[in-house]
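Have a look at the structure below before the remarks.
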Amino acid sequence: MTTGKTIRARFHGRLGAFALDAAFETPARGFTALFGPSGCGKTTLLRCAAGLERFADGYFALGNDVWQDAAQFRPTYRRPVGVVFQEASLFAHLSVRRNLLYGHRRAVAQGANGEIRFDDVIELLGITHLLERSTRDLSGGERQRVAIGRALLSQPKLLLMDEPLSALDRLTKDDILPYLEKLHASLAIPVLYVTHDLGEVERLADHIVLIERGRVIASGLLTEVQGNPALPLARIPEAAVSLDARIEAHDTAYGLTKVAVRGASLVLPEVAGKIGEFRRIRVGASDVSLARNAPAESSILNCLPARVLGHLVDERNQVNVSIGLGRDGAGDRLLSRITRKSWDTLQLHVGSEVYAQIKGVALV
Amino acid sequence: MVPLADLWPPIRLTLELAAVVTALLLIVGTPIAWWLARSKSVWKEVIAAIVALPIVLPPTVLGFYLLILLGPDGPGGWVASLWGTRTLAFTFEGLVIGSVFYSMPFVVQPIRNAFEAFGERPLEVAATLRASPRDTFFSVALPLALPGVMTGAVLGFAHTVGEFGVVLMIGGNIPGKTKVLSIAIFDYVETLQWTPAHILAAGMLIFSFCVILAMMLLEKSLRRAGQ
């Protein structure tokens with residue numbers, strides 16, 4: 001897959017009482033979350049990408065491959081797309097195996113090279129033992145895994161997932177998330193992932209498109225959108241930044257692991273994994289405090305040099321400060337939530353050198 | 001006393017008629033049911049009402065209009081002239097055409113319900129899995145609607161076996177050609193031949209009961225398999 005390929009989408013029109021006027025671009029690699037409250041139009045946007053809804057004024061392209069524009073509209077079955085719906089929607093009249101092969105057979109017959117292999121997919125999703133079952137004997141989590149496998153085996157060039165976990169209970173969700181993470185790590189095709197669950201975004205997304213009332217209000221790298229004080233994600237109480245951290249060393253005596261992000265190293269409670277592996281971590285804005293000088297003695301393990309990149313005062317006299325890690329501030333971005341009094345007392349401004357003290361870092 | 005051999009021709013004719021009509025009804029009725037289930041056309045309910053008309057129309061009214069349509073001056077007469085006869089009325093072919101109209105709602109309604117029952121989702125899923133609309137119809141819609149199709153077939157067959165008024169109007173009473181079971185029973189009763197009337201009537205009763213029972217059992221097992 002070529003890096004630098006982008007997904008370009010623009011849809012404008014009405015569907016009943018609902019108006020959609022959304023345009024975004026996102027790299028055609030990794031997970032892009034389409035995030036917003038229920039009813040904001042994110043599912044409609046996904047259905048447009050699949051060709052299941054049609055607006056007269058619409059454009060969608062994956063790299064150079066234009067699926068629709070003013071002159072043409074490729075129907076769903078001619079788009080190399082895999083869709084996972086909220087409900088598994090397995091075919092009731094087919095066994096698990098024949099469900100999985102339904103799209104595979106057709107895609108190969110239409111000239112796809114079949115590089116997403118049956119054996120790999122069933123192993124990745126842990127459904128090898130389910131193949132000969134009838135779909136009605138599966139649990140909710142198993143059904144959704146089969147649905148994901150069925151979509152993958154249709155050899156898509158783009159995978160669309162519409163809140164694939166929202167119909168599942170908490171335990172089943174936790175059971176499926178690791179499979180999605182494995183997918184994320186091993187899949188070469190881009191994924192557009194619709195969700196209203198911030199936890200899923202923090203855990204899975206590389207890029208994010210924020211949607212509100214049928215409009216795109218921001219899009220970009222997840223950490224940049226999370227860490228931009230001007231955007232709504234930075235203003236919610238549970239604001240946080242997700243970072244991909246590389247495991248550097250284990251300190252088994254103290255039960256700690258040292259990980260590296262861009263511009264800094266962090267210490268966190270012991271993380272399973274080999275040196276060099278990446279883990280997604282989450283740093284909450286309220287867990288980051290700022291100091292002008294390096295504290296001489298502190299119980300806080302993570303005290304990192306950084307630079308103030310921007311800030312926004314909210315109506316509760318809180319200041320959301322965006323900081324860049326490293327003395328030059330060029331590393332990963334974090335968000336720090338401090339009081340307006342502290343902001344004034346420390347005489348902070350854009351460009352200030354600070355020390356970020358991080359009270360808690362969690363794996364997601 | 002009527003020899004038993006005389007009872008056979010009307011039975012055979014009835015079964016032949018019902019088999020041909022059922023086959024035609026499935027071929028014609030399934031696309032109509034599909035269209036009625038999926039179309040957003042404003043004409044949809046108008047067409048649905050036309051298809052359903054035979055349920056409320058007296059068979060004699062339907063038979064009367066069919067007689068005109070099939071007769072020498074109607075389109076049926078023109079069709080008949082293609083192979084050199086005057087009319088389709090009072091022929092087996094005429095009976096088939098009449099029965100198709102008469103039994104249509106009993107086939108279309110259950111199939112339409114079955115198509116509507118599974119909603120849009122399986123069809124959308126099939127489209128995302130590279131199936132063309134035609135492919136989707138045969139590989140997803142029809143198998144999912146199978147219980148409804150079976151119900152429609154059984155009802156269409158049974159209803160054709162039991163029809164009387166329409167047959168009397170357009171078929172008359174020609175032994176071996178248009179004299180079906182129900183007409184034969186009517187004839188025997190008219191001429192006070194109670195024994196053959198009893199035999200045929202009891203046979204119809206048992207047949208009808210078996211058909212309904214078989215249909216219910218079949219539907220139940222198909223539904224269980226389809227869930």
Problem - Cα long-axis angle, helix A:140-153 against chain A (0 to 90 degrees, to the nearest 10) - result: 70 degrees
Practice task
Have a look at the stretch A:86-112 and report residues whose accessible surface goes down by 30 Å² or more when the remaining protein chains are included, against the chain on its own, probe 1.4 Å, ligands and DNA/RNA excluded.
Solution key: A:Ser89, A:Phe91, A:Ala92, A:His93, A:Tyr102, A:Arg106
Problem - Cβ-placed point charges (K, R +1; D, E -1), dipole of the protein assembly as shown about Cα centre in debye, nearest 20 - result: 660 debye
Exercise for the section: Starting from 0 in steps of 20 Å, tell me what percent of the Cα-Cα pairs of the protein assembly as shown lands in each bin. Expected result: 17, 35, 24, 14, 8, 2, 0
Fill in the blank from the handout: Reduced to Cα centres, the span from the stretch B:42-110 to the stretch A:285-331 in Å works out to 84 Å
Completion exercise
Once both label points are put 7 Å beyond Cα along the C-beta direction, the A:Arg98-B:Trp78 separation in nm becomes 4.6 nm
Fill in the blank from the handout: Excluding ligands, DNA and RNA, the carbon-plus-sulfur percentage of the accessible area of the protein assembly as shown with a 1.4 Å probe reads 59 percent
Problem - 19 Å reach of a label modelled at B:Ile174, 7 Å along Cα-to-Cβ, counting backbone N of the stretch B:1-34 - result: B:9-18, B:20-21
Problem - Å² of accessible area per residue within the protein assembly as shown, as computed with a 1.4 Å probe and no ligands counted - result: 47 Å²
Exercise for the section: Provide a whole-number value for the mean count of partner chain Cβ atoms within 10 Å of the Cβ atoms in peptide B:119-126. Expected result: 5
Problem - Interface A:B - total buried accessible surface [probe 1.4 Å, Å², rounded to 100] - result: 2000 Å²
Handout entry: Peptide B:129-140 - average C-beta neighbours from other chains (10 Å radius)
Key = 6
Exercise for the section: Would you calculate the separation in nanometres between label points at A:Leu256 and B:Met216, each defined as 7 Å from the Cα along the Cα-to-beta-carbon direction? Expected result: 7.6 nm
Fill in the blank from the handout: Computed about the Cα centre, the charge dipole of the stretch A:3-234 from +1 Lys/Arg and -1 Asp/Glu charges at the Cβ has a magnitude in debye, to the nearest 20, of 800 debye
Practice task
Of the options A:Leu177, B:Leu62, B:Ala52, report the single residue whose Cα projects farthest towards the positive end of the charge dipole of the protein assembly as shown (beta-carbon charges: Lys, Arg +1; Asp, Glu -1).
Solution key: A:Leu177
Completion exercise
Rounded to one decimal in nm, the spacing of the 7 Å Cα→Cβ label points at A:Gln72 and A:Phe278 is 3.4 nm
Completion exercise
To the nearest 20 debye, the stretch B:4-226 has a Cα-centred charge dipole, built from +1 on Lys and Arg Cβ and -1 on Asp and Glu Cβ, of 600 debye
Problem - Highest to lowest packing among A:40-53, A:88-101, B:94-107, scored as the average C-beta count within 10 Å - result: B:94-107, A:40-53, A:88-101
Exercise for the section: Express in whole angstrom the spacing between the alpha-carbon centres of the stretch B:121-198 and the stretch A:67-128. Expected result: 38 Å
Fill in the blank from the handout: 1/(1 + (r/R0)^6) with r = Cβ-Cβ of A:Thr6 and B:Ser41, R0 = 41 Å, i.e. FRET efficiency to nearest 0.05, evaluates to 0.55
Problem - Spatially proximal lysines relative to A:Lys359 (Cα-Cα < 22 Å; intrachain offsets below 8 disregarded) - result: A:Lys258, A:Lys341
Problem - Estimated FRET transfer efficiency (B:Phe186, B:Leu53; beta-carbon r; R0 25 Å; 0.05) - result: 0.50
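The values are calculated or read from the model by the stated rules, or taken from the named source; none is laboratory data. Quantities reported herein were computed from a predicted structural model and do not represent experimental measurements. Backbone-built Cβ (ideal geometry, glycine too); neighbour counts: all protein chains shown. Keep in mind that these areas ignore ligands, DNA and RNA; they rest on the heavy atoms of the full protein, side chains included. Shrake-Rupley method; radii C 1.70, N 1.55, O 1.52, S 1.80 Å.
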